[in-house]
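**Student:** Sharing a structure below in structure tokens format, with a few things to ask.
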Amino acid sequence: MTGSNKYVVFPLGKRRFAVAATQVTELASSGSPQTFPHTTPSLLGVLVRRSAVVAVCDVAPALNVVTRGENKFYLIAECTLGGKREPVAMPVTGECVLAEANVAPREERFGVGVLESQGEQITVLDLDALVGYCTARPPQQGTEISR
Amino acid sequence: MNTATKSSSAGEAVILFRIGPYKFAILAADVHEIREYDARWIALQKARKESGVVTLHLAAELGLEAGAEQHILLLRGVDVGLAVGAVEKMATAKKVYGLPSAFAGKEREWYTGLLVLDGEVVPLVNGISFAFQSKAAVKGS
């Protein structure tokens with residue numbers, strides 16, 4: 001992925017990541033997600049947004065980021081999961097900014113490249129791969145209830 | 001996007017009940033009778049073996065703490081009852097939302113969808129799925 005495009009840059013703990021602006025549908029203010037018993041790892045619950053029920057996925061552990069519960073907003077972006085395109089909400093730890101930048105390809109886990117913003121190299125995420133990884137059930141794992 | 005799996009202008013009649021801190025719903029059409037929880041009745045049904053009603057403790061099936069059962073929902077058409085906490089009331093759900101695709105675990109068997117009632121998200125329990133899990137004989141099928 002190269003070229004000039006628009007990206008939403010968001011903070012997660014001490015790092016910043018970016019996703020293609022075309023994938024982002026909304027930045028929602030924080031509130032507790034509603035929960036119910038389930039066994040999918042990384043899902044914190046659901047939000048009701050614009051007459052839709054949106055899963056909330058904590059992607060921080062997969063990105064080796066510690067957030068210490070400082071989530072302030074939910075970045076809601078379209079992901080393709082199980083062949084279906086759906087919005088997924090991810091807790092982020094601060095306000096997002098729109099950046100227009102050239103993205104250079106770089107091999108990185110869950111990344112499609114990097115962009116440079118204010119002297120910082122920011123990983124542009126492959127959200128489908130990231131959320132798919134987070135919600136995949138380890139094959140040998142027993143039933144574990146997330147609440 | 002989530003899509004309504006079932007809806008009609010009149011909506012779906014559901015029975016709302018609790019297990020611990022969680023609220024659940026089941027289609028009223030899937031329930032034949034609501035009984036008070038009675039351990040002796042459950043034991044009696046168990047003693048009847050194949051002709052008795054199999055009671056599943058829904059809390060245990062969902063990995064929740066059991067022990068506060070107050071009612072048994074007898075499912076229609078099968079010899080299976082679901083022991084649950086307090087049955088609260090009946091309600092009408094205007095729309096049943098599909099479970100978001102990100103949910104990929106056992107919950108896809110447990111629930112047929114999600115309801116939003118007064119802003120609260122309530123899973124719609126798939127009674128038939130639990131009935132088949134119990135290996136109970138299905139009447140009339």
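The values are calculated or read from the model by the stated rules, or taken from the named source; none is laboratory data. Since the model is a prediction, treat every value here as computed from it, not as a measurement. Here the Cβ positions follow ideal geometry from the backbone for every residue, glycine too, while neighbour counts run over all protein chains shown.
**Student:** Answer with yes or no whether A:V59 is part of a strand (DSSP E or B), within 14 Å of chain B (Cβ to nearest Cβ) and in contact (Cβ under 8 Å) with a residue 12 or more places away in the chain.
**Tutor:** Details: part of a strand (DSSP E or B): no; within 14 Å of chain B (Cβ to nearest Cβ): yes; in contact (Cβ under 8 Å) with a residue 12 or more places away in the chain: yes.
The answer is no for A:V59.
**Student:** While we're here: Hand me the list of helices (runs of 4 or more DSSP H) wholly inside region B:40-141 holding 2 or more residues that are of a type in the set (S, T, N, Q). Spell out the reasoning first.
**Tutor:** Numbers: elements: B:58-61, B:107-110, B:127-133.
Here the list reads B:127-133.
**Student:** Being in contact with a Ser or Thr (Cβ under 9 Å, 6 or more places away or on another chain) and modelled with pLDDT of 95 or more: is that true of A:V112 here? Show your work before the answer.
**Tutor:** On the way: in contact with a Ser or Thr (Cβ under 9 Å, 6 or more places away or on another chain): yes; modelled with pLDDT of 95 or more: no.
Criteria not met by A:V112.
**Student:** Something else now. Condition test on A:N102, is it at pLDDT below 90 and under 30 Å from B:L124 (Cβ atoms)? Give the steps one after another, and end with the answer.
**Tutor:** Working: at pLDDT below 90: yes; under 30 Å from B:L124 (Cβ atoms): no.
It is false that A:N102 is at pLDDT below 90 and under 30 Å from B:L124 (Cβ atoms).
**Student:** Here's something else I'd like to know. If the Cβ limit is 8 Å and pairs must be 6+ apart or interchain, which residue in region B:40-52 that is closer than 14 Å to B:V78 by Cα pairs with which residue that is modelled with pLDDT of 90 or more and part of a helix (DSSP H, G or I)?
**Tutor:** Close Cβ pairs satisfying both conditions: B:G52/B:L44; B:G52/B:Q45.
**Student:** Also, quick follow-up: (1) within 13 Å of the chain's Cα centre (by Cα); (2) at pLDDT 90 or above: which one isn't true of A:P37, the others all being true?
**Tutor:** Here A:P37 meets the rest and fails (1).
**Student:** Of everything in region A:73-89 that's under 18 Å from A:E26 (Cβ atoms) and small (G, A, S), which residue is farthest from the other protein chains (Cβ to nearest Cβ)?
**Tutor:** Only one residue tops the list, namely A:A77.
**Student:** Can you pull out the residues in region A:92-137 that are within 14 Å of chain B (Cβ to nearest Cβ) and not in a loop (DSSP other than H, G, I, E, B)?
**Tutor:** First, the residues of region A:92-137 that are within 14 Å of chain B (Cβ to nearest Cβ): A:127-137.
The answer is A:L127, A:D128, A:A129, A:L130, A:V131, A:G132, A:Y133, A:C134, A:T135.
**Student:** Being modelled with pLDDT under 85 and not small (G, A, S) narrows it down to one residue among A:Q121, A:Q141; which is it?
**Tutor:** On the way: A:Q121 fails: modelled with pLDDT under 85.
When all the criteria are applied, what remains is A:Q141.
**Student:** Considering only residues that are out of contact with any Gly (no Cβ under 6 Å at 6 or more places or on another chain) and either of a type in the set (F, W, Y) or modelled with pLDDT of 90 or more (or both), which ones fall in region B:53-75?
**Tutor:** B:V54, B:L56, B:H57, B:L58, B:A59, B:A60, B:E61, B:L62, B:G63, B:E69, B:H71, B:L73
**Student:** Considering only residues that are more than 11 Å from every other protein chain (Cβ to nearest Cβ), in a loop (DSSP other than H, G, I, E, B), touching a residue at least 40 places away in the same chain (Cβ under 8 Å) and among the hydroxyl-bearing types (S, T, Y), which ones fall in region A:14-43?
**Tutor:** A:S30
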